[in-house]
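Engineer: Quick one: this structure, given as structure tokens, is what I'll be asking you about.
The values are calculated or read from the model by the stated rules, or taken from the named source; none is laboratory data. In this text, all values refer to a predicted model and were calculated from it rather than measured experimentally. Counting neighbours? That spans all protein chains shown, and the Cβs are built from the backbone with ideal geometry, glycine included. Only protein heavy atoms, including side chains, enter the accessible area calculation; ligands, DNA and RNA are left aside. Shrake-Rupley method; radii C 1.70, N 1.55, O 1.52, S 1.80 Å.
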Amino acid sequence: MADAGPRRIVVAITGATGAIYGVQLLKRLSATPGVETHLVISDAATLTLHQEVGLQRRDVEALAHVVHRNREIGASIASGSFPTDGMVIAPCSMKTLAAVAHGLSDNLIARAADVVLKERRRLVLMVRETPFNLAHLRNMTAVTEMGGIVFPPLPSFYNRPATIAEMVDHTVARVMDLLGVANDLAPRWSGMRNDVPKDDGSV
């Protein structure tokens, strides 16, 4: 954990579907006082960002405080001596999951994730695929055993979201909670309502 200065959070966006999660997380973190965001976008993510949310790479990079190239293996976040408070891969492709699970460190995203794990910092992987095959499940198990958090961005419905934006923000809020970043993006669960009608037994 960083001892002084802003809290540094690394955000990586890969080519899996769900680019909106990375964009919204970046927006929310960058707008939070005392948080410094470090962004890495994969080449495949550039295509997904354009396809799903209509944004160019430069549009997303403008949201971050610091931008690193995925091939920039000598970047600050590639070293454990550079203090960060955690990393989120949003979304996380199965290729990137495999790279993290097996410690490949063949690009900056995988290397930065490896650093976060070895330094015992918080790593959150918003994995996006369905259904999972056995390789996916074993890789998720491996990352979990190493201390990472596997966080598929599954929407919840107990808060009755009315828009896609509300569903995304609720998921982003949970990720920010895991990072220890205060937020009020979504309503908190306060228990089941007491006005639920009783079942009269009719079919």
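Engineer: For a quick check of your reading of the model, give me the residue pairs whose first member lies in the range 90-113 and is over 28 Å from Asp169 (Cα atoms), whose second is in a helix (DSSP H, G or I) and polar (S, T, N, Q), with beta-carbon atoms closer than 8 Å and at least 6 apart or on different chains.
Structural biologist: What qualifies is His102/Asn139.
Engineer: Could I ask something else about it? Kindly indicate whether Ala112 is under 18 Å from Thr144 (Cα atoms) and in contact with a helix residue (DSSP H, G or I) (Cβ under 6 Å, 6 or more places away or on another chain).
Structural biologist: Considered against the rule, which asks whether it is under 18 Å from Thr144 (Cα atoms) and in contact with a helix residue (DSSP H, G or I) (Cβ under 6 Å, 6 or more places away or on another chain), Ala112 comes out as yes.
Engineer: Step by step: first the residues of the range 21-69, then only those that are assigned to a helix (DSSP H, G or I) and among the acidic types (Asp, Glu), then the one that is nearest to Glu166 (Cα to Cα). Which residue is that?
Structural biologist: Taking the candidates together, the pick is Glu52.
Engineer: So in the range 137-163, with the set limited to residues that are modelled with pLDDT under 95 and open to solvent by 90 Å² or more (accessible area, probe 1.4 Å), which one is nearest to Arg111 (Cα to Cα)?
Structural biologist: Looking at the filtered set, the residue picked out is Leu154.
Engineer: Report yes if Ser81 is polar (S, T, N, Q), in contact with a Lys or Arg (Cβ under 7 Å, 6 or more places away or on another chain), outside any helix (DSSP H, G or I) and open to solvent by 10 Å² or more (accessible area, probe 1.4 Å), otherwise no.
Structural biologist: Answer is no for this residue.
Engineer: Also, I was wondering about something else. Which condition breaks for Pro91 when tested against (1) modelled with pLDDT under 95; (2) within 27 Å of Leu154 (Cβ to Cβ); (3) of a type outside the set (A, V, I, L, M, F, W, C)?
Structural biologist: (1)
Engineer: Would you confirm, using the coordinates I've provided, whether Glu72 is part of a loop (DSSP other than H, G, I, E, B), under 17 Å from the mean Cα position of the chain (by Cα), surrounded by 14 or more Cβ atoms within 10 Å (Cβ to Cβ) and charged (D, E, K, R)?
Structural biologist: no
Engineer: Another question, then. If you take the residues in the range 1-43 that are polar (S, T, N, Q) and free of Cβ contacts under 8 Å to residues at least 60 places away in the same chain, which one is surrounded by the fewest Cβ atoms within 10 Å (Cβ to Cβ)?
Structural biologist: Ser30
Engineer: I'm told Asn183 meets every condition in (1) open to solvent by less than 20 Å² (accessible area, probe 1.4 Å); (2) among the polar types (S, T, N, Q); (3) at pLDDT below 95 except one. Can you identify the failing condition by its number?
Structural biologist: It fails just one condition, (1).
Engineer: Which pairs have Cβ atoms under 7 Å, sit 6 or more apart or on different chains, and link a residue in the range 142-153 that is touching a residue at least 24 places away in the same chain (Cβ under 8 Å) to one that is open to solvent by less than 40 Å² (accessible area, probe 1.4 Å) and in a loop (DSSP other than H, G, I, E, B)?
Structural biologist: The qualifying pairs are Pro153/Gly18.
Engineer: Another one. Just to confirm my filter: which helices (runs of 4 or more DSSP H) fall fully inside the range 99-203 and include at least 2 residues that are small (Gly, Ala, Ser) and under 21 Å from Ala45 (Cβ atoms)?
Structural biologist: Hits in the range 99-203: 108-118.
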